[in-house]
Amino acid sequence: MSEAKDADERATEDAKAEDTKTDASSERRMPKKRGKSEPGVEASRAKSSDSKSSGSKAKSSRPASKDAAKDDAASEPRWLCVHCGHRFAAAKEPDRCPSCMRKGGLEAIAANETAKRPAWIAPVAVVALVAVVGGGYALWAKSTPDPVSGEVPLAPLELSELRGHLAAQNADGEHARLFEVDDAVEALAEHATGGSPKAKAEALVEHVRARASAGAFEPWSLDTPRESPIEGAPGVAAMLAETERAHLYPLEVAIVSVAALREAGVDAMVAEVWGYPGDRRPPDPSGRLGYFGVAVWDGDLEGDPSTILDPYLGRATEPEEGRFRVLDDVKVVAAFLGAQALHALVHENDSTAALSKVQRAIRLDG
């Protein structure tokens, strides 16, 4: 009886073990259902989904920000530059136009106003263009060499006339501007007061001598050129007004005096002087730089001048006949070139430039 009971229990246990194997095998063979997943995979999918969602939101927000910026710009006040017609937006009134960079002339305009240039811009531009062209032509006409022929007249020449005579001798250049008038020369000309040409010349020379006495300039040894090159009328006039103890040449003082007198309406000329009564030696014993004064006529420029003044040293006596010659403007340029040549040779050690200037000076004073 007990044996039969033991047999039944073993049979029951064997059946249970067989069922357990069958269930495990079936679990291995069955695929996983789609509706369920492991926790790690599910978290990964959730993160990917969140990333895509945030990226999509960022993309969708960019056009919105651009539109907002456009709306902000559109809401800002708009301004019109009356100088160049440029229209632009700015939160507050700007100091200058961002296009032409000019200050002022900015007008507030309505946002819906059509872009148009003020009606007066075109006429003003035309007038400005005509003024510029006209001024340029006047400057060109004044400085362009005139066609000339014949001898050089013994009379003051305009710059274009002087350049024409220089060009005829292949000697034109910046040295033609030695009588040029600027503000400093005009200021000097105001001291040429008096009723007659001689009175004006004497008043001007008196002022130049007063400047010398005040220490504006002092005589220079004429046997050696100074370190700085020779100057025309504008440079010398500036030194007379501002410089202390400037070293000037007689030619420079004569040129600036003549330029100032011409500006004051006096037909003055430069005179080269070789001697004064009572002097035992020439004014320039070396003969390198020469000595020069100012020749003035009471009437027309015919015959000998009425007086020859000495603005450099202020001599009271005048040179006698045969001890001076009145130079036309071309010969003054020749003397100017001679001084330039001496400076180029002594201080610049440029014999080529010195020779070229000497050759031109000889042609002009021939």
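A few remarks follow.
- Taking region 164-180 as the range and being farther than 20 Å from residue 235 by Cα and either modelled with pLDDT of 95 or more or of a type in the set (A, V, I, L, M, F, W, C) (or both) as the test, the residues that pass are 166, 167, 168, 171.
- Residue in region 291-302 that is surrounded by 23 or more Cβ atoms within 10 Å (Cβ to Cβ), over 23 Å from residue 183 (Cβ atoms), among the charged types (D, E, K, R) and touching a residue at least 24 places away in the same chain (Cβ under 8 Å) present: no
- Residue that is within 38 Å of the chain's Cα centre (by Cα), part of a loop (DSSP other than H, G, I, E, B) and not charged (D, E, K, R), where the choices are 228, 286, 257: 228
- When residue 90 is tested against (1) surrounded by 12 or more Cβ atoms within 10 Å (Cβ to Cβ); (2) modelled with pLDDT of 80 or more; (3) over 30 Å from residue 363 (Cα atoms); (4) under 32 Å from the mean Cα position of the chain (by Cα), just one condition goes unmet, and that condition is (4).
- Residues being in contact with an Asp or Glu (Cβ under 9 Å, 6 or more places away or on another chain) and in a helix (DSSP H, G or I) - total across region 178-206: 8
- Matching residues, region 86-96, being closer than 12 Å to residue 109 by Cα, in a loop (DSSP other than H, G, I, E, B) and among the small types (Gly, Ala, Ser): 90
- Per-region count, region 149-177, residues over 30 Å from the mean Cα position of the chain (by Cα) and either of a type in the set (Ser, Thr, Tyr) or outside any helix (DSSP H, G or I) (or both): 11
- A single entry from 294, 256, 236, 266 fulfils the requirement of being within 26 Å of residue 174 (Cα to Cα), at pLDDT 90 or above, in contact with a Ser or Thr (Cβ under 6 Å, 6 or more places away or on another chain) and not charged (D, E, K, R): 294.
- Note on region 212-221: residues that are surrounded by fewer than 19 Cβ atoms within 10 Å (Cβ to Cβ), in contact with a helix residue (DSSP H, G or I) (Cβ under 8 Å, 6 or more places away or on another chain) and either assigned to a loop (DSSP other than H, G, I, E, B) or at pLDDT 90 or above (or both) total 1.
- For region 142-176, the set of residues classified as surrounded by fewer than 15 Cβ atoms within 10 Å (Cβ to Cβ), under 18 Å from residue 231 (Cα atoms) and among the charged types (D, E, K, R) consists of 174 only.
- Filter result (closer than 23 Å to residue 161 by Cα, outside any helix (DSSP H, G or I) and among the acidic types (Asp, Glu)) within region 329-366: 365
- The one condition from (1) hydrophobic (A, V, I, L, M, F, W, C); (2) part of a helix (DSSP H, G or I); (3) surrounded by 15 or more Cβ atoms within 10 Å (Cβ to Cβ) that residue 241 does not meet is (3).
- Some residue of region 278-287 being surrounded by fewer than 15 Cβ atoms within 10 Å (Cβ to Cβ) and in contact with a Leu (Cβ under 6 Å, 6 or more places away or on another chain): yes
The values are calculated or read from the model by the stated rules, or taken from the named source; none is laboratory data. Because the structure is a prediction, the values reported are computed rather than measured. Here the Cβ is made from the backbone with ideal geometry for all residues, glycine too, and neighbour counts use every protein chain on show.
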